[in-house]
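The values are calculated or read from the model by the stated rules, or taken from the named source; none is laboratory data. This structure is a prediction, so every number in the text was calculated from the model and none was measured. Methodologically, a virtual Cβ is constructed for each residue, glycine included, from the backbone with ideal geometry; neighbour enumeration extends over all protein chains shown. Areas reflect the complete protein model, heavy atoms only, side chains present, ligands, DNA and RNA absent. Shrake-Rupley method; radii C 1.70, N 1.55, O 1.52, S 1.80 Å.
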Amino acid sequence: MKKKQYLCARKHSARIVMIDSSAFQGKKAAYFTLGCKLNFSETSTFGKMLQEFGVSTARKGEKADICLINTCSVTDVADQKCRQAIRRLVRENPGAFVVVTGCYAQLEADEVAAIDGVSLVLGSDEKASLIQFLSDAWTGNTNTGQKYFRKKTKDIKSFAPSCSRGNRTRYFLKVQDGCDYFCTYCTIPYARGFSRNPTIASLVAQAEGAAAEGGKEIVLTGVNIGDFGKTTGEKFIDLVKALDEVGGISRYRISSLEPDLLSDELIEYCANSRAFMPHFHIPLQSGSDTVLQLMHRHYNAQLFADKIHKIKELMPDAFIGVDVMVGCRGETPECFEETFDFLNRLDITQLHVFPYSERPGTSALSIPYIVADKDKKLRSKRLLDLSAQKTEAFYRRYIGDEAEVLFEKAPRGRAMHGFTRNYVRVELSPKEADPSYDNQLVKVSLGELTPDRQALKAIII
């Protein structure tokens, strides 16, 4: 019997256990992820863990012995996509051991477990112990017949570390999980639990590990990462300063920061930092104070505008992405026009627009004004058109400039691409592209927009 050490997070505390790895040897796994960057990071870490126990990744068209689906539940459309993905993987991999985890699995564990072919459902606390659950199932250490394991929100305590790149160039470092905000439209606190985080020292060690593996860029991910420190009494700004000192990492990006947690101190530090890039993603949701109050957001439109102005004052070239929700309950036509005009005036780069979706159990359902689906689509289109205009104008500012680009391995049939410090997407022609550029910082001359206006053409200098 071949045993390996495994860090298990069950019973609310991490501990080292011995796992019989023979049950894992020679198996092939297929992975499918829905949702946010945090989910992709966690799936990549699951894959790395299984690989260490002898499980390889199934190639395209190859039957898998294990299927792992990491789900999202931010909208009802996301729930539908989760069910479709589960059924497709069951159909394509007959007889496979199918594990479903993620937000949808936490919120609707019994519904997921009832899907034909699903073998195991792990909630937000239990997914940290994936290897232990698989080992128990395969070695007969459990005979309860229980198909799903899920704690109540208040009992979600574990933190599953994640610092992985999967098949990508950039590493994604999970610095925080859970959320204490309970916005009226959102189920994520119920799916992920309350805010929690590991220590700065442990995250620095993971960043050092990524650097030792040749990583050059790390994206900080989490559910509400500006809330970092609830568990350890530390501060997000101190984490940023500590990571900035890690040798070998050339670039950091902060995936998303709530505007009320984006301090002037952090903005000022990033403006002068060695490795934190002039790139911010800030959720707005609405430019109407009326709607922000209905959402129970922690700021008003003026505070948001002040943060944008502060960033642009210190980092004029900063890329600023903004999340906007359209059609939520209470968003009258007048409120939407407030949002559109507010965003039109702001010096931002790109909008991530998504329509409001009714989520069972949320307090938003008690708000009387309902926006018709056709109006949600019209509002989404107007904001997406505005986003395209702002992004193109931002990109055009850099035509003719020289820039350092971190290139990424190109998917088959796609142009090799990378990003400048301020997140301008750059593409190389097949003639210019070279596989050796993957994960390399390369100096380029920025040319015209690509035909789809999604990137700038580049020539290697």
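Would you mind getting the accessible area per residue of the stretch 294-437, heavy atoms of the protein chains only, 1.4 Å probe, in Å²?
Heavy-atom SASA per residue in the stretch 294-437 reads 50 Å².
Name the helices (complete DSSP H segments) of the chain with a Cα length along the long axis of 15 Å or more and a Kyte-Doolittle mean of at least 0.5, or state none.
Answer set is 200-212.
Express the carbon and sulfur contribution to the solvent-accessible surface of the stretch 308-461 as a percent, rounded to the nearest whole number, probe 1.4 angstrom.
Accessible surface attributable to carbon and sulfur in the stretch 308-461 totals 52 percent.
Can you give the accessible area of residue 149, probe radius 1.4 Å, in Å² rounded to 10?
It works out to around 40 Å².
Taking the Cα centre of the chain as origin, sum charge times position over the Cβ atoms of Lys and Arg (+1) and Asp and Glu (-1), and report the length of that vector in debye to the nearest 20.
1580
How long are the semi-axes of the equivalent ellipsoid of the stretch 153-244, defined as square roots of 5 times the Cα gyration tensor eigenvalues? Whole Å, largest first.
Whole-Å semi-axes of the equivalent ellipsoid: 24, 15, 11.
Quick one: how many Å² of residue 298 are accessible to a 1.4 Å probe, rounded to 10?
90
Between the alpha-carbon centers of the stretch 23-101 and the stretch 348-377, tell me the distance in whole angstrom.
One Cα centre to the other: 29 Å.
Amide H to amide H, which residues 5 or more places from residue 281 or on other chains are under 5 Å from it, using H placed in the peptide plane?
Here 257, 321 satisfy the definition.
Taking only C-alpha pairs under 8 Å that are 6+ residues apart, what is the relative contact order of the chain in percent?
The value is 10 percent.
List the pairs from 310/390; 381/457; 310/377; 81/157 whose alpha-carbon separation is above 23 Å, in the order I gave them.
Cα-Cα > 23 Å for 381/457; 310/377; 81/157; rest within.
Below 17 Å, Cα to Cα, which aspartates and glutamates can residue 230 reach? Residues fewer than 8 away in the same chain don't count.
155, 177, 180, 238, 258, 260
What accessible area per residue, rounded to a whole number of Å², is obtained for the stretch 30-183 using a probe radius of 1.4 Å?
Using a 1.4 Å probe on heavy atoms only, each residue of the stretch 30-183 averages 42 Å².
Nearest 0.05, what FRET efficiency do residue 314 and residue 334 give at R0 = 35 Å with Cβ-Cβ as r?
Using R0 = 35 Å, I get an efficiency of 0.55.
If you count, for each residue, the other Cβ atoms within 10 Å and average over each peptide, how do 357-369, 154-166 line up from highest to lowest?
Taking the mean over residues of other Cβ atoms within 10 Å, the ranking is 154-166, 357-369.
For the stretch 235-281, report the accessible area per residue in Å² (1.4 Å probe, heavy atoms, rounded to an integer).
Each residue of the stretch 235-281 exposes 35 Å² on average to a 1.4 Å probe.
Sorted by average packing, counted as other Cβ atoms within 10 angstrom per residue and highest first, what order do 184-197, 48-61, 339-352 take?
Final packing ranking: 184-197, 339-352, 48-61.
Check each of the trypsin sites (Lys or Arg not before Pro) in the stretch 249-289 and keep only those in coil by DSSP with at most 14 other C-beta atoms within 10 angstrom; list them in order.
274
Leaving ligands, DNA and RNA out of it, work out the accessible area of residue 268 with a 1.4 Å probe and give it in Å² to the nearest 10.
Roughly 80 Å² of residue 268 is accessible to a 1.4 Å probe.
Where the convex hull is taken over the Cα atoms of the stretch 39-112, what is its projected area averaged over directions, in nm²?
5.2
I'd like the projected area of the chain, averaged over all directions, using the convex hull of its alpha carbons. Report it in nm² with one decimal.
Projected area, direction-averaged: 22.2 nm².
Return the FRET efficiency for the residue pair residue 260, residue 375: r is the Cβ-Cβ distance, R0 is 35 Å, and the value is rounded to the nearest 0.05.
Approximately 0.75, to the nearest 0.05.
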